[in-house]
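The values are calculated or read from the model by the stated rules, or taken from the named source; none is laboratory data. Just so you know, these numbers come straight off a predicted model, no measurement behind them. Because the Cβ atoms are built from the backbone with ideal geometry, glycine has one as well, and the counts that use them run over all protein chains shown. For the accessible areas, the whole protein counts, side chains as well, though only heavy atoms, and no ligand, DNA or RNA atoms are used. Shrake-Rupley method; radii C 1.70, N 1.55, O 1.52, S 1.80 Å.
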Amino acid sequence: MEETHLQIHNSFSTNDHQISTSLKPQNSFDSSTNDACDEHCPHEITQDVDEFINSLAAIDEKSSNSPEIPDSIETFSKIIESRINKYNSGEINTRFGKVTEDDLFFIDSVQRISKLTNALGEFPPDSSANPSVHHTSVALQRAMVFLEEEFRALLEDSDAENAQQNYINKLSSFNYSDREDSGQSEEYPAYSPETVAKMHEIATTMVAAGYETECSQVYYISRRNAIRKQMAKLDFEIMWNMDDVAKAPWATLEAEISRWISVVKACSETIFPAEKQLGESVFADYPRVSQSLLSNIVRGVVIQLLDFAEASAMAKRSAEKLFKYLDMYEALQSLVPTISGESCWNELIDEISDAVDRIGESAVSNFCDLENSIKSDAARTPVPGGAVHPLTRYVMNYLKYTCDYKDTLEKIFEKHTELGKRFPDDPNRQTTSSAQELSEKESESPHNFETMAGTTAFSMQVVTVMDLLDGNLEKKSKLYRDPSLRYIFLMNNGRYILQKVKGASEILQVMGDTWCRRRSTVVRQYHKNYQRETWSRVLQTLNQEGLLVSGKPNKALIKERFKVFSSTFEEICRSQSTWVVSDQQLQSELCISISSVLIPAYRAFVGRFRQYMDNAKQADKYIKYQPEDVETMIEKLFEGNSHSMQRRK
């Protein structure tokens with residue numbers, strides 16, 4: 001037989017591979033360890049083994065026909081064991097993975113002895129094949145143990161872990177809310193193509209030899225531990241249970257939820273897709289094994305994440321917690337597309353969907369707690385100066401941030417409404433108001449649904465909150481004894497609400513331009529009511545009726561009118577200089593509207609009746625303010641300054 005050198009037709013590949021059976025004699029096995037190998041070159045032995053395997057396959061009645069076992073079978077088994085001994089010798093240059101040709105020969109030999117063992121195993125235990133079965137089984141077992149350890153070593157390669165550490169450091173500081181496709185998912189896990197190819201060869205060999213369980217177990221444990229390390233590097237440890245959540249202060253739980261969200265997003269955007277790609281590469285020839293392993297790996301992680309989510313959803317309700325629950329809701333939803341597509345995922349997807357629903361219900365309950373906060377805010381002390389009430393600021397800022405999640409909340413409230421209809425008789429279930437009830441409320445509100453940009457379950461809930469706030473502010477306005485200050489309070493709060501809606505595109509989309517115009521009308525009415533309540537009595541002092549009798553001036557009455565005007569005007573300025581209108585535009589509008597009514601009337605009154613003063617000294621005594629002075633004093637109103645009148649004097 002003509003000798004040939006080792007021909008390597010295909011190196012390690014994650015796709016197809018075929019190792020040539022034409023082997024180079026030198027360095028193929030340790031001849032000093034096995035004298036039997038000296039009589040035959042490996043090429044001849046492997047050819048004999050292949051021919052023997054084919055001859056075994058040709059035997060139809062294996063129960064009655066015992067094959068004659070050639071000497072090359074035992075020799076071949078010893079060659080494999082010799083190669084394992086050489087790999088285990090500890091010498092650097094003889095380790096697996098250092099000499100590609102030797103590794104290819106070994107993998108090819110293991111695959112061949114696996115076929116041989118299976119073929120011999122088809123004969124009865126008492127046949128002449130039994131001793132050979134024992135020899136080949138021992139060699140195969142040793143080979144599988146060796147490959148299992150090599151497989152584990154490749155999976156836990158320290159260089160890969162170092163590369164993963166560098167990646168996770170970037171990942172931990174990454175702002176997911178601003179995340180764009182940056183291609184970083186390819187960096188996890190950080191195995192080189194050569195390493196993945198070696199893992200593929202080992203996995204294929206082990207599964208084909210009937211060692212799927214051992215191979216899968218090593219892979220599962222290694223990848224599970226790798227994911228746990230990634231989660232730990234993101235400072236998240238799944239150690240929480242229901243009791244821990246119930247006892248934890250919100251600040252502590254909130255920080256843990258933030259880390260949980262980072263982990264969920266890392267899983268959906270990076271870890272799970274990369275694990276899927278790795279599994280499909282390593283087990284390319286066995287997609288069923290790949291799917292099963294990925295399902296078990298992902299399921300183990302997801303169930304732990306869901307346990308934490310459901311425990312968090314049981315935390316005490318509070319409106320401030322809404323936004324963390326919404327972030328959790330969106331993070332969980334992002335997991336579904338990552339693992340969908342295979343029937344084996346259906347059960348897990350259902351569990352994620354259930355958890356999403358529970359988080360959604362918690363979000364609704366926390367949002368509804370805002371209504372309770374408004375209803376329970378029954379302060380008995382009015383805000384000084386009629387300024388914007390803290391409740392107004394709180395509610396409007398809350399709604400502004402809430403509307404940042406408008407699309408998510410519309411889905412949640414729609415689902416929540418459906419759940420409420422499905423279980424209408426459950427006395428322990430909190431539900432939002434029905435559309436009919438909300439519509440009835442809106443018919444009495446200053447902003448009914450006809451003014452809304454679009455009516456959804458969420459927008460109805462926002463309007464309900466607005467109505468509750470309006471009603472609460474109306475009650476608080478009655479704490480002011482001065483009707484003018486009551487209207488200033490309503491005007492301040494109404495203007496603040498309007499400006500908040502106009503200034504935030506998210507909430508403006510919910511309320512609509514028509515709502516804004518209608519709200520503006522309400523605020524203008526407060527303005528008119530204030531002006532009528534305050535300045536009508538000042539204008540009344542400038543009434544000219546009775547000041548001229550038969551063409552003759554009633555000087556005493558004229559003096560009295562000037563005196564009453566000054567005292568009334570001073571009294572208003574003294575009190576209203578302490579009032580607050582923080583919106584500069586509104587303050588300017590108020591001052592201009594007051595001046596436009598009062599200054600012309602006062603100027604005309606002074607111009608007509610000043611001449612009836614006996615002298616200049618008397619005029620200065622009774623005409624205390626010139627029209628320009630009045631205008632200046634009006635411009636200083638609503639600054640919240642209790643010392644303004646003293647300075648003016």
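Quick notes on this structure:
- Just so you know, in the stretch 368-390 the residues that are β-branched (Val, Ile, Thr) and over 18 Å from residue 466 (Cα atoms) include one that is surrounded by the fewest Cβ atoms within 10 Å (Cβ to Cβ), and it is 381.
- The single condition among (1) at pLDDT below 90; (2) closer than 22 Å to residue 364 by Cβ; (3) touching a helix residue (DSSP H, G or I) at 6+ places or on another chain (Cβ under 6 Å) that residue 437 does not meet is (3).
- Filtered residues of the stretch 471-499 (kept if out of contact with any Phe, Trp or Tyr (no Cβ under 6 Å at 6 or more places or on another chain), open to solvent by 60 Å² or more (accessible area, probe 1.4 Å) and not acidic (Asp, Glu)): 475, 478, 481, 499
- Scope the stretch 309-336; condition of a type in the set (Phe, Trp, Tyr) and either free of Cβ contacts under 8 Å to residues at least 40 places away in the same chain or crowded, with 23+ Cβ neighbours inside 10 Å (or both); matching residues: 325, 329
Listed here are the residues, each with its yes/no results for (1) among the basic types (Lys, Arg); (2) modelled with pLDDT under 90; (3) farther than 19 Å from residue 350 by Cβ.
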{"site": "248", "(1), (2), (3)": "no, yes, yes"}
{"site": "261", "(1), (2), (3)": "no, no, yes"}
{"site": "267", "(1), (2), (3)": "no, no, no"}
{"site": "287", "(1), (2), (3)": "no, no, yes"}
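- Pairs meeting the criteria (first residue in the stretch 134-154 and touching a residue at least 24 places away in the same chain (Cβ under 8 Å), second residue open to solvent by 60 Å² or more (accessible area, probe 1.4 Å), beta carbons under 6 Å, at least 6 apart or on different chains) are 135/74; 148/214.
- When every residue of the stretch 74-88 is checked against the conditions, at least one turns out to be over 60 Å from the mean Cα position of the chain (by Cα), farther than 21 Å from residue 157 by Cβ and either in a helix (DSSP H, G or I) or modelled with pLDDT under 70 (or both).
- Unique match (being over 22 Å from residue 368 (Cα atoms), assigned to a helix (DSSP H, G or I) and in contact with a helix residue (DSSP H, G or I) (Cβ under 9 Å, 6 or more places away or on another chain)) among 466, 491: 491
- Residues of the stretch 560-586 classified as under 17 Å from residue 597 (Cα atoms) and among the hydroxyl-bearing types (Ser, Thr, Tyr), total: 2
- Answer residue from the stretch 379-409, given it is assigned to a loop (DSSP other than H, G, I, E, B) and touching a helix residue (DSSP H, G or I) at 6+ places or on another chain (Cβ under 8 Å) and is modelled with the lowest pLDDT among those: 379
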